[in-house]
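Reviewing the structure listed below.
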Amino acid sequence: MLLIGGVVVAAISGSDDRWKLWAPAIMSALAAPAFAFCLFASSFPICVAMLGVFSLLVGFHLGPIFAVAQSVSRPSMRALAAATLLLTATCFGQGVGPLVVGAANDCLRPEFGVDSIRYSLLAAAATSLVGALFFVWAAWSLREDIAMASAANP
């Protein structure tokens, strides 16, 4: 999906670089309800299908985000920008995320029993919506950020 996302966004962002962030915002916003449907699906096949849709939508933004990181960085800082992006995503996605879901599961267990995991995993859907908002917010200044990075080139 990384390649497909990159190709699609490259095609639609020809005249407006902000599509490099608007498209991931749309996909992240759509991913949240897809994951919620997965968690509360009435059957296993529906659950797996919705998990597949969620995975595709979440993977869509990776290519454009790395492209944006390179566009807003000076050439001498591009490797650091990519490394920072990967470090941040890994720390939150694989470090803080499971901890928060586990803590929420423990807190919700007395009230919801075995279904507490469904409600605690809704935190992942919420982070997808928060990510969509951050993509939109970043798109507001993208043109200026790219111009500033281009002007800083020696």
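The values are calculated or read from the model by the stated rules, or taken from the named source; none is laboratory data. Not measured: the values here are computed from a predicted model. Every residue, glycine among them, receives a Cβ derived from its backbone with ideal geometry; neighbour counts consider all protein chains shown.
Suppose we filter ALA31, ALA23 for residues that are touching a residue at least 24 places away in the same chain (Cβ under 8 Å), touching a His at 6+ places or on another chain (Cβ under 8 Å) and closer than 15 Å to PHE135 by Cα; which single one remains?
Only one candidate passes the filter, namely ALA23.
Yes or no: ALA82 surrounded by 17 or more Cβ atoms within 10 Å (Cβ to Cβ), modelled with pLDDT of 90 or more and within 24 Å of ILE26 (Cα to Cα)?
no
Considering each residue of segment 86-143, count those that are of a type in the set (Val, Ile, Thr) and either in contact with a His (Cβ under 6 Å, 6 or more places away or on another chain) or touching a residue at least 24 places away in the same chain (Cβ under 8 Å) (or both), and give that number.
Number satisfying all stated conditions: 2.
Can you tell me which condition ALA69 does not meet? The list is (1) in contact with an Asp or Glu (Cβ under 9 Å, 6 or more places away or on another chain); (2) under 30 Å from ASP17 (Cα atoms); (3) modelled with pLDDT of 85 or more, and all the others hold.
With respect to (1) in contact with an Asp or Glu (Cβ under 9 Å, 6 or more places away or on another chain); (2) under 30 Å from ASP17 (Cα atoms); (3) modelled with pLDDT of 85 or more, ALA69 is out only on (1).
Restricting to segment 30-55, give me the number of residues that are within 16 Å of LEU121 (Cα to Cα) and aliphatic (A, V, I, L, M).
Matching residues across segment 30-55 total 9.
Among the residues of segment 111-154, count how many are in a helix (DSSP H, G or I) and either among the hydroxyl-bearing types (Ser, Thr, Tyr) or closer than 18 Å to HIS61 by Cα (or both).
22
Only one of (1) over 23 Å from PRO33 (Cβ atoms); (2) surrounded by 12 or more Cβ atoms within 10 Å (Cβ to Cβ); (3) among the hydroxyl-bearing types (Ser, Thr, Tyr) is not met by SER76, so which one is it?
(2)
Need at least 2 residues that are over 17 Å from ASP145 (Cβ atoms), more than 17 Å from the chain's Cα centre (by Cα) and not polar (S, T, N, Q) per element, so show me which helices (runs of 4 or more DSSP H) inside segment 1-92 make the cut, counting only ones lying wholly within it.
Working: elements: 2-12, 19-39, 44-59, 62-71, 78-90.
Output list reads 2-12, 19-39, 44-59.
Take the residues in segment 124-145 that are among the small types (Gly, Ala, Ser) and crowded, with 16+ Cβ neighbours inside 10 Å; name whichever of them is modelled with the lowest pLDDT. Walk me through it before giving the result.
Initial filter on segment 124-145 (among the small types (Gly, Ala, Ser)): 124-126, 128, 131-132, 138-139, 141.
Next cut, crowded, with 16+ Cβ neighbours inside 10 Å only: 124-125, 128, 131-132, 138-139.
Numbers: ALA124: 80, ALA125: 86, SER128: 90, GLY131: 91, ALA132: 93, ALA138: 91, ALA139: 91.
If we take residues in segment 124-145 being among the small types (Gly, Ala, Ser) and crowded, with 16+ Cβ neighbours inside 10 Å, then ALA124 is modelled with the lowest pLDDT.
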